[in-house]
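First comes the structure, then the notes that go with it.
The values are calculated or read from the model by the stated rules, or taken from the named source; none is laboratory data. This is a predicted model, so every value here is computed, not measured. All Cβ positions, glycine included, derive from the backbone under ideal geometry; neighbour counts span all protein chains shown. The protein model used for the area step is the full one, side chains on, heavy atoms only, and it has no ligands, DNA or RNA in it. Shrake-Rupley method; radii C 1.70, N 1.55, O 1.52, S 1.80 Å.
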Amino acid sequence: MSKHLPKASIFITGAAAGIGRETARVFAARGWRVGAYDVDLAGLQSLKAECSGDITIGTLDVVDAEACKAAVAEFASADGGRLDVMFNNAGILSVGHFEDIDVRRHHAIVDINLKGVINGCLAALPHLRATPGSRVISMASASAIYGSPDYASYSATKFAVRGLTEALDIEWSRFGIRVMDIMPLFVKTAMVTDIEQPISIGRLGIRLSAQDIAQTVWRAAHWSAWRRVHWYPGIQTRAMSLANALSPGLLNRATVKTLSGY
Ligand SMILES: NC(=O)c1ccc[n+]([C@@H]2O[C@H](COP(=O)([O-])OP(=O)(O)OC[C@H]3O[C@@H](n4cnc5c(N)ncnc54)[C@H](O)[C@@H]3O)[C@@H](O)[C@H]2O)c1
């Protein structure tokens, strides 16, 4: 029997499309063991067909906490329980006036974008604890820098992911686990290209690709300098974050109001 050489491993939710899919491709191409999970089995099958790397696929709805536990445990058990990175990426978006969006859709946004991340963190914890240098990386968004009109529920969930990340990064330092989030402006994926373009996209443009975010996830997975919690991919996102930190609240409000056409 050949000697088993452990590979670093990443579990990715929402891996059938967009950022999750590109991240799966990047990590698999660079020799990682990738767990690609999503509600979209056909998308996962086409991902597996086009990648030559070590990719395990499985259907998973992140809203189901027990299913998350079982999927992460099954993936990690293939390598003695090891898990280097949990990437909480699955998310959905609806854009429009708050009152025009059906309450069930608001609730689904909270269930997937926030509860899904909580479920992912809990499911991954035993395996991350068993793996030195492990980390959680979650997709937040630039809409967690200042509340985004027309994206109110979405923006609220991303603020929540940001808060969860900051809190767990401190809590789980006692287990040696780093917890980070990624906060980009618009990324060219179906999430924003397949919707009626809101004014904010017209004014800011879509300047990031899924590949840009996958590279950021790669850097976050390897970062070993200071304890960096938030990642802002691209100059535009970094400028927005810096301006928000340095400007008074009223100026930030006025800027966001103008950018979103109110
Ligand atoms: N695209 C952007 O502009 C942008 C910007 C900032 C942050 N983000 C965040 O990045 C993440 C990925 O977004 P994307 O742009 O790749 O979107 P996308 O729509 O291209 O892909 C999202 C994937 O999540 C999957 N998914 C949806 N609900 C799920 C569930 N309940 N369980 C498991 N999988 C589920 C979908 O099937 C899809 O494959 C999201 O969290 C999103 O909020 C996106």
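Across segment 55-137, the fraction of Cα-Cα pairs farther apart than 21 Å, rounded to a whole number, is 35%. Across segment 125-210, how large is the tail of the calculated P(r) beyond 18 Å, expressed as a percent of all Cα pairs? Above the 18 Å cut-off, segment 125-210 has 52 percent of its Cα pairs.
Remark: the chain carries a charge dipole of roughly 1000 debye about the Cα centre, counting +1 on each Lys and Arg Cβ and -1 on each Asp and Glu Cβ.
Averaging the sequence gap over all C-alpha pairs within less than 8 Å and six or more residues apart, then dividing by the number of residues, gives segment 1-99 a relative contact order of 32 percent. Derived from the Cα gyration tensor, the three semi-axes of the equivalent ellipsoid of segment 183-262 are 24, 20, 7 Å, largest first. Here the peptides 249-257, 229-237 are ranked by packing, the mean other Cβ count within 10 Å, and the order with the highest first is 229-237, 249-257.
The orientation-averaged projection of the convex hull spanning the C-alpha atoms of the chain amounts to 14.4 square nanometres. Between the alpha-carbon centres of segment 3-39 and segment 69-135 there is a gap of 15 Å. Projecting label points 7 angstrom from Cα along Cα→Cβ for LYS188 and PHE98 puts them 3.4 nm apart.
With the convex hull drawn around the C-alpha atoms of segment 1-157, the volume per residue stands at 116 Å³. Considering only CYS68, GLY147, PRO126, and ranking their Cα positions along the charge dipole of the chain that arises from unit charges at the beta-carbon of Lys, Arg, Asp and Glu, the one farthest toward the positive end is PRO126. Applying the Karplus relation 6.51 cos²θ - 1.76 cosθ + 1.60 with θ = phi - 60° to segment 188-196 yields 3J(HN,Hα) values of 6, 9, 4, 4, 10, 7, 9, 10, 5 Hz, where x marks Gly and Pro. Rolling a 1.4 Å probe over the protein heavy atoms gives the chain an accessible area of 47 Å² per residue. In this structure, the residue pairs whose Cα-Cα separation is over 23 Å, taken from LYS115/LYS188; LYS48/LYS115; LYS115/LYS158; LYS7/LYS69, are LYS115/LYS188; LYS48/LYS115. Multiplying the residue separation of GLU171 and ARG219 by 0.36 nm and removing their Cα-Cα distance gives an extension gain of 15.0 nm. Highest mean packing first, where packing is the average number of other Cβ atoms within 10 Å per residue, the peptides 141-153, 79-91, 54-66, 214-226 line up as 79-91, 141-153, 54-66, 214-226.
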